[in-house]
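Engineer: So that we are looking at the same thing, I have put the structure below in structure tokens.
The values are calculated or read from the model by the stated rules, or taken from the named source; none is laboratory data. Note that the structure is a prediction, hence the values are computed from the model and not measured. Neighbour counts run over all protein chains shown; Cβ positions are idealised from the backbone, glycine included. To get the accessible areas, we keep the full protein, side chains included, count just its heavy atoms, and leave off ligands, DNA and RNA. Shrake-Rupley method; radii C 1.70, N 1.55, O 1.52, S 1.80 Å.
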Amino acid sequence: MSGTCMLRVLGWLALLASFASAAVVSAPNWQSEWEKALEAAKKEGQVIIWGTQRREVDWIPAAFGKLFSGIDVQFLGDNDIAVKAIAEARAGRHQLDVYQSSLTGILPVVQRDLLTNVDWSAFGIDARNIAFDGRMAYTSNIVYTAAYNNKLAKDADAPKNWMDVLDERYKGKGASSTFLLPRLIGGLGLAWGEDKALQFARDIVAKMNLLLTRAPRESLLQSGERVYAFGEIDSLIRSVAAEGLPVGQVVPEPVVVGQFGATIMKNAPHPNAARLLAGFLASAEGKAARLQATSQADYGPTSDNEFAKALHSGRMQVVWDRPDNMVAREALFGRAAAILTGQSR
């Protein structure tokens, strides 16, 4: 291991050593203890992580392997990981180690007491980036945006407030995801109140000729079939723009911020490797690797990201995902989805 890599792992030493030995680590023998700790994880040989999409997890084996070799990272990207994790636990099958998802995706697993507590402080993780009494560490955020074809529109044309989406100039020009738009409205309801948010959903259906689809909206923007896509994810638009698609985006207010994080299953089959991987994902190095691979940033209170600083400045109206507002947001999301799909008024 190079001197640089050794320095990079110093911050992990306290927790890692606790996996391999109960002894207190002193400065002269830290390298020996580090080797013992890594060996404990290597003996397990692998670690299994699930996330809600392939693009959110397929970068992890390479990034993790640069720092911790000898541990095989297996992954699954699937929107139904909560259902799968709960079903496996009920059946007494324990193959999952690290469960990575949004606060809303982690809530049902928390409610069934399937996660273990972790001392995240040993990874240098601030207490403000920890949730569910130590069972989750924050890794990244998403922000809902209004995307547009930048050959047919510009920033100044896009809505600055989500209520502006109802303006006549957007009629017949917009598209949205049937998955994302109800979740955006659920977040807006925390700022606007339930009645205003649900009326917003009704007006979209009744007045805007909005194309609601399960298909990717990027192709609709690229072709010019639709000029705007409302309720997109900032990291996804950054990614496709970097690939050359003619898209831009703005962040209307209230800014709705989604929170993602890493957790460890209570019956993880590879507990040492699981702690190593989850700690990496929540660490500054893990967050930097995620940003490079997926364009998904950390907007938390300790982030040095410029947009994160703006979000925390007090100058913007921001709705944050928090453990204490998840139930209310989920209930509102369900009602919005029913309105948008024509199942309810």
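Engineer: (1) more than 19 Å from the chain's Cα centre (by Cα); (2) surrounded by fewer than 20 Cβ atoms within 10 Å (Cβ to Cβ): which one isn't true of residue 123, the others all being true?
Structural biologist: Every listed condition holds for residue 123 apart from (2).
Engineer: Could you list, in sequence order, the residues of the stretch 107-130 that are hydrophobic (A, V, I, L, M, F, W, C) and within 20 Å of residue 301 (Cα to Cα)?
Structural biologist: Across the stretch 107-130, the qualifying residues are 120, 122, 123, 125, 127, 130.
Engineer: When the residues of the stretch 128-150 are filtered to those that are of a type in the set (A, V, I, L, M) and within 18 Å of the chain's Cα centre (by Cα), which remaining residue is surrounded by the most Cβ atoms within 10 Å (Cβ to Cβ)?
Structural biologist: 136
Engineer: When you scan the stretch 48-74, how many residues do you find that are of a type in the set (Ser, Thr, Tyr) and either surrounded by fewer than 16 Cβ atoms within 10 Å (Cβ to Cβ) or farther than 15 Å from residue 263 by Cβ (or both)?
Structural biologist: 1
Engineer: Let me ask something additional. Please enumerate the residues belonging to the stretch 193-208 that are open to solvent by 10 Å² or more (accessible area, probe 1.4 Å), small (Gly, Ala, Ser) and under 17 Å from residue 254 (Cβ atoms).
Structural biologist: The one that is open to solvent by 10 Å² or more (accessible area, probe 1.4 Å), small (Gly, Ala, Ser) and under 17 Å from residue 254 (Cβ atoms): 193.
Engineer: Scanning the stretch 75-101 for residues that are more than 23 Å from residue 63 (Cα to Cα) and β-branched (Val, Ile, Thr), which turns out surrounded by the most Cβ atoms within 10 Å (Cβ to Cβ)?
Structural biologist: Out of the qualifying residues, it is 86.
Engineer: Sticking with this structure for a sec: Counting only residues that are crowded, with 20+ Cβ neighbours inside 10 Å, over 15 Å from the mean Cα position of the chain (by Cα) and among the charged types (D, E, K, R), how many does the stretch 219-241 have?
Structural biologist: Result for the stretch 219-241: 1.
Engineer: Also: For the stretch 87-125, how many residues are closer than 14 Å to residue 280 by Cα and either at pLDDT below 95 or of a type in the set (Lys, Arg) (or both)?
Structural biologist: 8
Engineer: Among the candidates 190, 211, which residue alone is open to solvent by 30 Å² or more (accessible area, probe 1.4 Å) and touching a Gly at 6+ places or on another chain (Cβ under 9 Å)?
Structural biologist: 211
Engineer: Scanning for something of a type in the set (Phe, Trp, Tyr) and either in a helix (DSSP H, G or I) or farther than 26 Å from residue 322 by Cβ (or both), does the stretch 74-86 turn up at least one residue?
Structural biologist: yes
Engineer: Tell me, which helices (runs of 4 or more DSSP H) wholly within the stretch 242-338 include 3 or more residues that are in contact (Cβ under 8 Å) with a residue 40 or more places away in the chain and under 15 Å from the mean Cα position of the chain (by Cα)?
Structural biologist: Passing ranges, in order: 271-282, 284-294.
Engineer: Quick one: is residue 176 surrounded by 14 or more Cβ atoms within 10 Å (Cβ to Cβ), assigned to a helix (DSSP H, G or I) and of a type in the set (Ser, Thr, Tyr)?
Structural biologist: no
Engineer: Can you find, within the stretch 297-324, the residue that is least open to solvent (accessible area, probe 1.4 Å) among those that are farther than 22 Å from residue 235 by Cβ and not charged (D, E, K, R)?
Structural biologist: 323
Engineer: How many residues does the stretch 256-290 contain that are over 19 Å from residue 44 (Cα atoms), out of contact with any Ser or Thr (no Cβ under 8 Å at 6 or more places or on another chain) and surrounded by fewer than 23 Cβ atoms within 10 Å (Cβ to Cβ)?
Structural biologist: 6
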